[in-house]
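Worksheet: the structure to be examined is printed underneath.
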Amino acid sequence: MKFRADRDTLLETLVTASRATSARSGPSFGVVGLKLLLRGNQLEVCGSDPDLVIEAHCEVAGESDGSVLVPSRLVVDIVRSFESGAVSVVAGDEEVRFTSGRAEFVVRVALGAEITRLGVPEQQGIEIPGATFADGLRQVVRAALVDDSRAPQLTGVLMVATESGLRLIATDSYRLAFRDFVGMKVVEPDRQVLVPAKALTEVQRLGSSAKADADRTIVFRYSDLDAVFELDDVRITTRLLKGQFPEVERLIPASYSYHLRVPRDDLEAALRRVRLVVRDTKDATTPVRLALHEGGVDLTVLTPESGRAEESVEGDFQGDDLTVAFNPSYLLDGVEAVRADTLILEVNDPGKPALVRGDGEDEYRYLLMPVKVS
């Protein structure tokens, strides 16, 4: 295999595919490698772990077709170290030579190793507005469980059909995020598709990238086992999760007794500031207390290790004075996800789930469990 490529184009393709590689897949060279496949002037770079495959393509000046498996992190770092310009890649039976300017690297290849390949559903692709879908993923994926040792099904985002379109749901059992897409017919009415949050994070990244525009579409396919998202020169294939996803819709109360309306940016900035006193402590989950009262909310974080932080945010509060506490990072996640200028926090009781949403943004809701404090 032999080709020449623009350094920036090659690096972007390598980085995109390498995001599928994972240290948790094990020490096997083949598993954490990148497969480079050249056909004519088209280079395909494929990275994978056992449950996720990312294939990215770019145009190069090809001289000799072929394929080779190289270590992911090393090759990405090598190409990143080059200055802008042309990069020459020549692969032999046991090594690959990367050259740019006066710099040259020779990398050993993995003989006989292979990477994971997942099945591609054969159904006709469903086109999804890329920017809109990526924005919804930004709001919802953050609520999914990160560690799969407790409840693997909660590490995914549930895609379900509603009467009006599509709903995304994610929860880690401490917070819950909903996002509705009116008119977006993606999943069959009798189907539920549970997609790993890791894969959707990459879909979000690509759909909201700098080169994305409002008309860019994502092509989606799914079967009982796998799902595929295609965006321009990138294809993301992931195994679907199994297991019973909790019936979470029933957790949202029909109404709330306490309502706080505040400028979203002001509340976010205040949360970031008061959280500083616990950011680097042993217990970063030390709660932030919100004292809701006429005229707004007072935020307090108190820890014996670092000290105390207080700040007030002006707003409109309806109800009797009330104090409720939350995990500061979880609350900040919900506040960040709101797009509206005005944020609404609704509470029924200091011990029951509170709701975060944007004023006039009924398509997104973020439910958060309070923290008990003395």
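The values are calculated or read from the model by the stated rules, or taken from the named source; none is laboratory data. Predicted, not measured: the structure shown is a model, and the values here were computed from it. Note that each Cβ is placed from the backbone with ideal geometry, even for glycine, and that neighbours are counted across all protein chains shown.
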Is one or more of the residues making up segment 336-351 more than 25 Å from the chain's Cα centre (by Cα), under 17 Å from Ser257 (Cα atoms) and either buried (at least 19 other Cβ atoms within 10 Å of the Cβ) or of a type in the set (A, V, I, L, M) (or both)? yes
Of the residues in segment 325-334, those that are surrounded by fewer than 22 Cβ atoms within 10 Å (Cβ to Cβ) and of a type outside the set (Ser, Thr, Tyr) come to Ala325, Asn327, Leu332, Asp333
Residues being assigned to a loop (DSSP other than H, G, I, E, B) and not polar (S, T, N, Q): count how many of those fall in segment 65-90. 4
For Arg97, state whether it is modelled with pLDDT under 95 and under 20 Å from Val15 (Cα atoms). no
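Among Gly47, Gly62, Gly30, which is in a strand (DSSP E or B), surrounded by 17 or more Cβ atoms within 10 Å (Cβ to Cβ), at pLDDT below 95 and of a type outside the set (Asp, Glu)?
Step by step, each of Gly47, Gly62, Gly30 is checked, and only Gly47 is in a strand (DSSP E or B), surrounded by 17 or more Cβ atoms within 10 Å (Cβ to Cβ), at pLDDT below 95 and of a type outside the set (Asp, Glu).
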Scanning segment 360-374 residue by residue, those in a loop (DSSP other than H, G, I, E, B), of a type in the set (A, V, I, L, M, F, W, C) and surrounded by 17 or more Cβ atoms within 10 Å (Cβ to Cβ) turn out to be Met369, Val371
